[in-house]
Amino acid sequence: MRVKQLVWLRRISQGFFLFLFLFLLAESRLPQKIFLEYSVVFTSEQDIRISWPIRFFFQLDPLVGLSSLLSGHRLITGFIWGAIVLFLTMFLGRAFCGFICPLGTINHLVSRLKPSLKGDRLIRANQKSPGQKFKYFVLIALLIASVLTLNLTGLMDPISLLFRSLALAVVPSVGIGLSSFFHAMANSDIKFLNYLSYGGEVLLAPIFGYESQAYQTGWFIGLLFLFILFLNRIRARFWCRVLCPLGALLGVFARFGLLTLKKDQEKCTNCGLCSQFCQGAACPEPGNDWQPTECITCFNCSNVCPEHALSFRLKWRLNLNKAPDMGRRAVLGGILAGVSLPFLGKLDGRVEKVSDSRLIRPPGAVPEEEFITLCQRCGLCMKVCPTNAINPTLGEAGMAGFWTPRLIMTMGYCEYTCTLCGSVCPIGAIREISVKEKIERPIKIGAAFIDRGKCLPWSGNAPCIVCEEHCPTSPKAIYLRREMVKTRNGRPLEMQLPFVDLKRCVGCGICENKCPIKGDAAIKVIAAGESRSLKNQILL
Amino acid sequence: MDLYTPVGRRETIKKLLYMGGSILFANLLVDSLPSSLATKLGPENSGFIVEGIGKQKGYSVTQLVRRVFDAAGGIDHFISRGDVVAIKPNISWARSPGLAATTNPEVLRAVVELCQEAGAKKVRIVDHTIHDARRCFAITGAGRVARETGAELVFPRSSLMRKMKIGGVRLDTWPVFTPIVEADKLINIPIAKHHSLSKLTLGMKNWIGAVGGSRWVLHQDINQSIVDLARFFNPTLTLIDAIRIMTRNGPSGGKKEYVAKKDVLILSNDPVAADARAALLFGKRPADLGFIRLGKRWGLGTFDFRQLQQKKVHI
């Protein structure tokens, strides 16, 4: 194949996979057009599922599969895709980085659009540097921590990172901007603008959310993402060269030089164009050893060479590549960090001793000790949650559980017959459950308690039955009792007072969400009593 | 008309006189017409209440809806060609129709189809749901009705809520779901079910699902809030779905045991009378329900059925 065609093949592939990633991200939501046949669903509640394979990129990512195998001892569904990628990497090098990885594509695009360096300085910047060993440190630390039962891979894994950044920061922030724009138009007195706003919302709301979505620590996720994009001004694809643990893993696996860069020393005029366009700092120029573990197979070098001194060849003879240049420090440091992380992570006692009462995990979540060996913190469950209840944690799950999912009932609540989060979790940290199981077992995520000092009827302020009205269990976990309370001037007044029956309460949090006392409701759900934990039971 | 020659003073005065005279004449003409022509024709002239009962086993709900409307004088009496019709079912809970927490989709479909046959320009299904709207639309069957009939199912976006003057006793201004008020005709199709504060949720209470804002504070004076909203929305017709009613654990229900099959539809242009008739199905006296008493007091209607044209149909 001609070099020109190879470069275009790469661009098309990058464009296709980036588009696919964004499309699947947009489809990671409660389907908008679902029409159940009502004459057949008269008795049981239906499970609503997303028909697109929105977990595809997580299955394709071998680091996700490998880390959950090491830490949680389980093979994720569709792990075969990751295995295929690893297998191909052995022969073709880091083709995943160059052809598929959507974060790589975005980095590529950003570094290409506005390189900060030019000419000689760019050539010098694209020489292999010791800093590139850092990604091996990251990889080793993450994998060793995984073996020692703390899976932090998702913090640095490019697919998880990109999904989290886009779903929890970029999309909601665009959504907030758009919705305030549409609100302004809807409030105008010009009818045409009203229609325009309505039409715009109908078109864009499926992607950017119907009401403005918001996520705890969303600003921080967004800031980190901007920072990663900014790093491309220092070095092209800085993230891919220096930081990416998946890149490191694929580099380690690029063992057999089936695809090699053939250099013709005699034709070379030392113009340096190949280095100038090299994305991975893989020493393409003749005279140096080409670094197959750093090369992301972008084919730029052979494409730009005016003398045709460089060419990629498929050699049908297996010869072992040079081992990746990790350096002893990166390896030792990685081991040290990997060993210390799980212990540091558990020092705050959130995992072993007692969990934070605010740590309400999604329905179907596995027990906490197992949860932190699996959760990738990718944000998929948070993105699909129709009420925006699932949020990334800050400190509620301790350092070990940073950015893992947690329900915040003032943001949303868990819908009684919704089981979407478990059905999308790529790892199975949240089990896939059916509506029947959720209701009939039942799966409790916490328990509600009434603050009588704040409660309107309990404090003698006003009649209110909002929590009882919304309680979805049958019979209702929140019940009312007619009792006398005293008004301010001591006059007796009959009120319906709410009580919680802990046996029936599943902790869905709709009571807290709808309570007229906003922000810090008079009825609140805490994680105590969640059915996933044996330690955290209230009732006998 | 010649636009180039200037109009003289005399000409101007003459034209103004002609115009004034014709306005005066038109006014006189309208005033002298018999009052029945100036107001509405047919049975809406006075209050009516039609009760439809499905007696046969396996009767068609669609047919029952049609019979009820026919008994009231036909849908054409209420819906004119080219009208924008807003239909307000109660689809607030993501519960399947058999649990009687939401309006029966077959009733909804029949009313949508009737309006379309009467030549309505657009039929909207509007409800500000409590559970996530997409899930409500899917599970209650409203989504399917909208897709198959071509009615517009409006997503309750917050941009569609607009503060309006309610002018009630309790509520002065409140954010209102605009597609409801911007329609020519409004049909209320609630389901009859139990409620722990207002005792029952019927037609008038359905308007709590037509407003936005922090509507859960309305419960602090629920009866007056219901009546204020019912006066503000003032529907053309109320059709209470009592095919299945929920007798306990309302308004969300959730179990088959709470559902009673009554096979009744109540159609009226008097919102108080419709609610009062439906209350009897639960074995409750209309006068015992606060919002029905208040509704009568504020002139919304009556629960003295003798004042109305009463009709019964059954299939």
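Values quoted throughout were computed directly from the atomic coordinates according to the rules given, and no laboratory measurement underlies them. Keep in mind it's a predicted model, so treat the numbers as computed, not measured. Quick reminder, even Gly has a Cβ in these numbers, built from the backbone with ideal geometry, and neighbours come from all protein chains shown.
The table below gives the values:
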quantity	calculated
Over 22 Å between alpha carbons, listed pairs B:Lys261/B:Lys296; A:Lys476/A:Lys524; B:Lys193/B:Lys256; A:Lys476/B:Lys193; A:Lys262/A:Lys322	B:Lys261/B:Lys296
Other-chain or far-sequence residues with amide H under 5 Å of A:Ala528's (modelled H)	A:Ala447
Trypsin sites (Lys or Arg not before Pro) restricted to DSSP loop in segment A:113-150 with at most 12 other C-beta within 10 Å	A:Lys118
J(HN,Hα) series, segment B:138-148, from Karplus relation 6.51 cos²θ - 1.76 cosθ + 1.60, nearest Hz, glycine and proline x	6, 7, 6, x, 5, x, 5, 4, 4, 5, 7
Long-range HN-HN contacts of B:Met164 with modeled amide H, under 5 Å	B:Trp174, B:Val176
Distant-in-sequence amide H partners of A:Arg431 (H built 1.01 Å from N, under 5 Å)	A:Ala365, A:Val366
Contact order normalised by residue count of chain A, Cα under 8 Å, 6+ apart, percent	16
Whole-number D in µm²/s for segment A:432-533 (Stokes-Einstein; Kirkwood sum over Cα pairs; 25 °C, 0.890 mPa s)	172
Highest-first arrangement of A:239-249, A:52-62, where packing means the average Cβ count within 10 Å	A:239-249, A:52-62
Over segment A:27-165, relative contact order from alpha-carbon pairs under 8 Å, at least 6 apart, %	27
Per-residue ³J(HN,Hα) for segment B:11-28, Karplus 6.51 cos²θ - 1.76 cosθ + 1.60, θ = phi - 60°, Hz, x for Gly and Pro	4, 4, 4, 4, 5, 4, 4, 3, 4, x, x, 5, 5, 4, 5, 4, 4, 4
Mean residue ellipticity (222 nm) of chain B, computed from DSSP H runs ≥ 4 via -39,500 (n - 2.57), nearest 500	-9500 deg cm²/dmol
Average beta carbon contacts from partner chains per residue of A:146-158, 10 Å cutoff	0
Test item: B:251-258 mean partner chain Cβ contacts at 10 Å	4
Cα→Cβ-extended label distance, 7 Å offset, between B:Ala287 and A:Asn187, nm	4.8
Residue range of chain A that is longest and free of GluC sites (Glu not before Pro) which are both DSSP loop and sparsely packed (at most 11 other C-beta within 10 Å)	A:267-540
Per-residue ³J(HN,Hα) for segment A:142-151, Karplus 6.51 cos²θ - 1.76 cosθ + 1.60, θ = phi - 60°, Hz, x for Gly and Pro	5, 5, 5, 4, 4, 4, 8, 6, 9, 9
Antiparallel bridges, percent of DSSP beta bridges restricted to the protein assembly as shown (to nearest 5)	65
Total lysine pairs under 30 Å (Cα atoms) in segment A:30-152, excluding pairs fewer than 8 apart on one chain	6
For A:458-465, mean number of other protein chain Cβ atoms within 10 Å	3
Convex hull of chain A built on C-alpha atoms - directionally averaged projected area, nm²	32.0
Relative contact order (%) - criterion: Cα under 8 Å, at least six apart; region: segment B:42-189	25
